[in-house]
Amino acid sequence: MTDQPARRAAELLGQARRVVVFTGAGMSAESGVPTFRDALTGLWQRYDAQALATPEAFRADPALVWGWYEWRRHAVRLAHPNAGHRAVAAIQHRVPGTVLITQNVDDLHERAGSPAPVHLHGSLFAPRCSACARPAPVSDDAEGEPVDGRRVPPPRCAHCTAPVRPGVVWFGEALPGAALDAAVEAASSCDLLLTIGTSGLVYPAAEIPQVAARLGAAVVQVNPEETPLDGVAEVNLRGPAARVLPALVDAVWEGADG
Ligand code: BV8
Ligand code: ZN
């Protein structure tokens with residue numbers, strides 16, 4: 001890591017005591033999980049993700065929306081954490097107390113060894129009843145999902161027979177209070193926030209890096225593209241997470257045993 005921004009990022013990470021790592025869909029892009037910017041494919045290609053990820057869309061066509069989440073869950077099952085996910089887990093290992101906050105509904109951080117990521121927008125693996133909110137079993141996807149997707153009627157709740165819904169936060173829905181509180185708390189008391197692979201356009205999640213900067217923390221952004229967070233970040237590392245993050249970790253801890 002020879003360039004100046006990379007050296008400055010390594011310096012900041014090397015001296016940080018309270019670190020927050022904040023991730024978005026770009027974190028999982030190199031694992032083959034489409035980002036929200038990527039156009040939808042197959043059955044959903046004529047839909048906009050933000051329109052599908054709403055309670056209204058689920059009410060209007062439950063089988064279309066449930067089918068979409070089953071397709072995404074199956075795609076995540078087939079995916080593997082990338083070197084970026086593993087580097088985040090390494091930072092958590094090296095800097096005790098690091099808080100990982102993600103907008104992603106996949107489980108790739110967990111599968112990379114990251115303890116207890118804060119899922120601001122829920123998970124693909126926590127379906128619940130759309131009426132009584134009781135957790136529902138995650139169906140095993142032995143037979144998998146056709147590449148182009150299909151409509152899948154949502155299962156019925158075992159307690160009240162209402163449709164089961166994905167355990168994610170849809171547009172227009174409030175974030176889980178405990179997760180949002182934990183994220184704001186961590187951002188308010190950190191000395192370094194790493195924001196990785198997010199376009200910083202969805203609120204209130206996009207507030208998190210801004211809260212950290214407002215309260216004096218250094219912000220380092222990892223993103224191949226410019227985002228509204230460029231101005232918030234002291235350092236912008238322009239590159240893919242699975243290349244930039246392992247290099248950053250090596251620059252700080254290479255040769256440091258234990
Ligand atoms: C709410 C789960 C109210 C579902 C998701 C203030 C201003 C404007 C609008 C609003 C506002 N406040 C609220 C709103 C409305 C809305 C909102 O923000 N709209 C936006 C679009 C304008 N927010 C809401 O509706 C929120 N709820 O406000 O409720 C309320 C309050 C109280 C009581 C009742 C109601 C809920 C928002 C959460 C929605 N759910 N996900 C699902 O997944 O299906 S959001 C979803 O989209 C993701 O979780 C994520 O948050 C977002 C996508 O953003 P990113 O993750 O950043 O991904 P994106 O694809 O955009 O970008 C990828 C980036 O990665 C790019 O920058 C790219 O360059 C980069 N990249 C690509 N490859 C790589 C890479 N980076 C590194 N390495 C690579 N290899
Ligand atoms: Zn129920």
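The values are calculated or read from the model by the stated rules, or taken from the named source; none is laboratory data. Everything numeric in this text was worked out from a predicted model, so none of it was measured. Neighbour counts are summed over all protein chains in view; Cβ atoms, including those assigned to glycine, are modelled from backbone coordinates with ideal geometry. To get the accessible areas, we keep the full protein, side chains included, count just its heavy atoms, and leave off ligands, DNA and RNA. Shrake-Rupley method; radii C 1.70, N 1.55, O 1.52, S 1.80 Å.
Side notes on the structure shown:
- Debye equation applied to the C-alpha atoms of region 180-222, log10 I(q)/I(0) at 0.24 Å⁻¹: -0.78
- Coupling constants for region 106-114 follow from the phi torsions by the Karplus curve (6.51 cos²θ - 1.76 cosθ + 1.60, θ = phi - 60°), and in residue order they are 8, 10, 6, 5, 4, 6, 8, x, 7 Hz; glycine and proline get x.
- Contact order relative to length of region 1-78, as percent, for alpha carbon pairs under 8 angstrom and 6 or more apart: 14 percent
- Dimensionless Rg over Rh [region 110-196; C-alpha; Kirkwood]: 1.05
- Cβ crowding within 10 Å averaged over residues, with 103-115, 70-82 ranked highest first: 103-115, 70-82
- Considering the chain, its Cα convex hull presents a mean projected area of 14.0 nm².
- Distance histogram in 10 Å bins (all Cα pairs of region 195-251, percent per bin): 25, 53, 22, 1
- In the elastic network of the chain, a GNM with C-alpha springs shorter than 10 Å, the most mobile of 198, 102, 227 is 227.
- Computed [θ] at 222 nm, helices only, for the chain once each DSSP H run of length n ≥ 4 contributes -39500 (n - 2.57): -10500 deg cm²/dmol
- Region 7-53 - convex hull of the alpha-carbon atoms, volume per residue in Å³: 112 Å³
- Vicinal HN-Hα couplings computed from phi for region 125-132 (Karplus, 6.51 cos²θ - 1.76 cosθ + 1.60; Hz; Gly/Pro x): 10, 9, x, 8, 5, 6, 10, 9
- Solvent-accessible surface (1.4 angstrom probe) belonging to residue 69, in square angstrom, nearest 10: 10 Å²
- Most mobile listed residue (190, 160, 129) in the chain, GNM with C-alpha springs under 10 Å: 160
- Comparing Cα centroids, region 64-91 and region 191-237 end up 22 angstrom apart.
- In region 137-258, the alpha-carbon atoms span a convex hull of 225 Å³ per residue.
- Listed values for region 149-154 are Karplus-derived 3J(HN,Hα) couplings in whole Hz (6.51 cos²θ - 1.76 cosθ + 1.60, θ = phi - 60°), namely x, 7, 6, 9, x, x, and x replaces Gly and Pro.
- Placed amide H near residue 195: partners under 5 Å, 5+ positions off or other chain: 22, 220, 221, 222
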